[in-house]
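Participant: Structure below; questions to follow.
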Amino acid sequence: MDRSRRRVAGLLLLPALLVVAVLAAAPIGLLFRVALYPPGPVAPLAGGPELDSFAGLLSAPYPSVALRTLRLSLLTTVLVTLLGFPVALFLSRSRGLSRRIQTLLIVSPLLMSVVVRAYGWMLILGRQGFVGETLAALSLPRAGLLHTETAVLLALTESFLPFMILALAASLDRIDPDLLAAARGLGASSTRTFLAVVVPLTLPGFLAGASFVLVGSLSAYAIPALLGGAAARTFVMEIYELVTISFDWPTAAAASLVLLLFASVLLGGAALLSRRRSARSFGT
Amino acid sequence: MRIALGAAAAVAYAVLLLAPLAVIVYSVSPGAALEIPPSGMSLRWYAGLADQPRLVSGLFTSLLLGAIATGAALVTGIPAALALTRGSLPGREAFLAVLLSPLSLPGLVLGLGVLTSAAVLANATGIQTAGTLLPLVAAHLLITIPWVVRSVAASLESTDPALEDQARSLGAGPFATLLLVTLPSARAGIVAGAMSAFVISFGNFALSLLLASGRTVTLPVAIYETVDRYQDPTVAAVSTLTIAAAVVAAVLTDRISGPLRARGSSSRGGDRRSGPAGLDRVR
């Protein structure tokens, strides 16, 4: 009985697993092959295999672009955490209609296209946009933030904030109220209860949220391309131009794989850390 | 303390509202230039949509692509969710992680991979997929399956399998049980999953950018190409329509998964979910 049940389950799982294997794993495998061809503009995809495309990533402009991308992503993660934590606390203490409305406010942006939201920020930050026109209407010198790193940072923070709020709120919702009552009963002040009980227990949510935000902002294209442009070139923008402008597919494939590896290490590391942490605190 | 938290939340919610509001306000501006303070309101840019073949064709492409990707995701995702929740499979967590993994891959990289595969396929077999919806469907299927699996599995986990055992002991066959008991009880999860999948496909940009060309340009790609070049409230008008659709989808998801959530959290010791369709489980 159990055995045939497992066999049926395996058959049911097969189509979805095949889709992921054929449509995700195989293309990534192909990128490996493409990366081994000799790089260069309009690369003919012949010769090799060699590692020149990976070596080429060590020369300009890639290291400085990678550093800027990393800096923007880390700053985004920090800002999203600082903004998201109080919101998650407020959300987890809300009930009924207030909670439902807040959930709508948090979830709706996730369902809108990132391009539309980036467009909104362009309209706000441009010299001819809401900020610029308001300054002009007040007879102040016209200014705008469009095509700066600050604009990219602002829009990235807004676009990843909902993920961090939801991740932290999920952790906060799992905290047993009896635990807080116990800490209070043992004489801990409310500040101490918060720092010693609540904050450590949100660590799994923070790790899941932070790794997702970090990887997501490293991989973002629409926001840096529309709001930063030439002033804030990121690693993914370089990959896009390698494919569409210089037709240097081997370098594009190599850069993609480096990004992919980095993202996997980050996500894997966060998952491992979170697991070890929860194993320690519950002694299982 | 509570007031301080409330203030912080209000600031965050205002930030989240800012960008969509800017788009909506610009879409009803009387002229092409943005005016502060606005001199009036006009719906002419909505009427002008008909004269923008690129945006209109993008809208239809995205609707079609979303429908196909969602249908395919339901066909593959519902059986997978059944297997993961009812199959007593070893390594269940690992299978789930594999199915959800495309969500954490950089979209543009995945698009590049699919584009490369399509080129290799064309070289090896002569089957040309460039210019068709096929590469886009393939890529979008990867990010719609996770939403269906997650939502349907959550729904199945919160229903009682004993109900199915009772149906079997009353003489129902496995298929009758599946069709009359199991799937109806997961109805909320199926609808919520389908809706999330459609919305995610409809709004996706990173995956589509490298794969869309000519007639297969999707709406987000068409918007991206237009906003960078022209000051044109018509783009704001079509964007406002998608914003409205997103809000409607969010409200519907909340309506549908509200009862589901209540049931899920009432079972003590169960895995509590706070967001609709398990959105809180970002990974």
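Bear in mind that the values in this text are calculations on the coordinates, not laboratory data. Note that the coordinates shown come from a computational prediction; the quantities given were computed from them, not determined experimentally.
Participant: Does the stretch A:114-198 come out rounded, prolate or oblate by the C-alpha gyration tensor, with a ≥ b ≥ c the root eigenvalues, rounded set by a/c under 1.5 and, if not, prolate when a/b is larger than b/c and oblate if not?
Facilitator: Note, shape of the stretch A:114-198 comes out prolate.
Participant: If I take every Cα pair under 8 Å that is 6 or more residues apart in the stretch A:1-159, average their sequence separation and divide by the length, what percent do I get for the relative contact order?
Facilitator: 14 percent
Participant: Next question, about the same structure. Once phi is turned into θ = phi - 60°, what whole-Hz ³J(HN,Hα) does the Karplus curve with 6.51, -1.76 and 1.60 give for every residue of the stretch A:14-24, x standing for Gly and Pro?
Facilitator: 3J(HN,Hα) across the stretch A:14-24, in whole Hz: 3, x, 5, 5, 4, 4, 5, 5, 6, 8, 10.
Participant: Between 0 and 90 degrees, rounded to the nearest ten: what's the tilt of helix B:233-266 against the longest Cα principal axis of chain B?
Facilitator: Around 20 degrees separate the two axes.
Participant: May I pose another question? Which of A:184, A:174, A:233 moves the most in a Gaussian network model of chain A with Cα springs under 10 Å?
Facilitator: A:184
Participant: Run the helix sum for the protein assembly as shown: -39,500 (n - 2.57) per DSSP H stretch of 4+ residues, divided by residue count, reported at 222 nm to the nearest 500 deg cm²/dmol.
Facilitator: Using -39500 (n - 2.57) per qualifying helix, the result is -23000 deg cm²/dmol.
Participant: Using alpha carbons only, how many degrees (0 to 90, rounded to 10) separate the axis of helix B:53-86 from the longest principal axis of chain B?
Facilitator: 10 degrees
Participant: By how many degrees, 0 to 90 and rounded to 10, does the Cα axis of helix B:2-27 deviate from the longest principal axis of chain B?
Facilitator: Once rounded, the angle reads 50 degrees.
Participant: Over the stretch A:1-141, consider all pairs of different Cα atoms and compute the Kirkwood hydrodynamic radius from their mean reciprocal separation; express it in Å, one decimal.
Facilitator: Mean inverse Cα-Cα distance, inverted, gives 21.9 Å.
Participant: Can you compute 3J(HN,Hα) from phi for each residue in the stretch B:120-137, using the Karplus curve 6.51 cos²θ - 1.76 cosθ + 1.60 with θ = phi - 60°, rounded to whole Hz and x for Gly and Pro?
Facilitator: Karplus-based 3J(HN,Hα) across the stretch B:120-137 equals 5, 4, 5, 5, 7, 10, x, 7, 8, 10, 4, x, 9, 6, 4, x, 5, 4 Hz.
Participant: Whole-Hz Karplus ³J(HN,Hα) for the stretch A:120-136, in order, using 6.51 cos²θ - 1.76 cosθ + 1.60 and θ = phi - 60°, x for Gly and Pro?
Facilitator: Each residue of the stretch A:120-136 in turn: x, 5, 4, 5, 6, 8, x, 5, 9, x, 4, 5, x, 5, 5, 4, 5 Hz.
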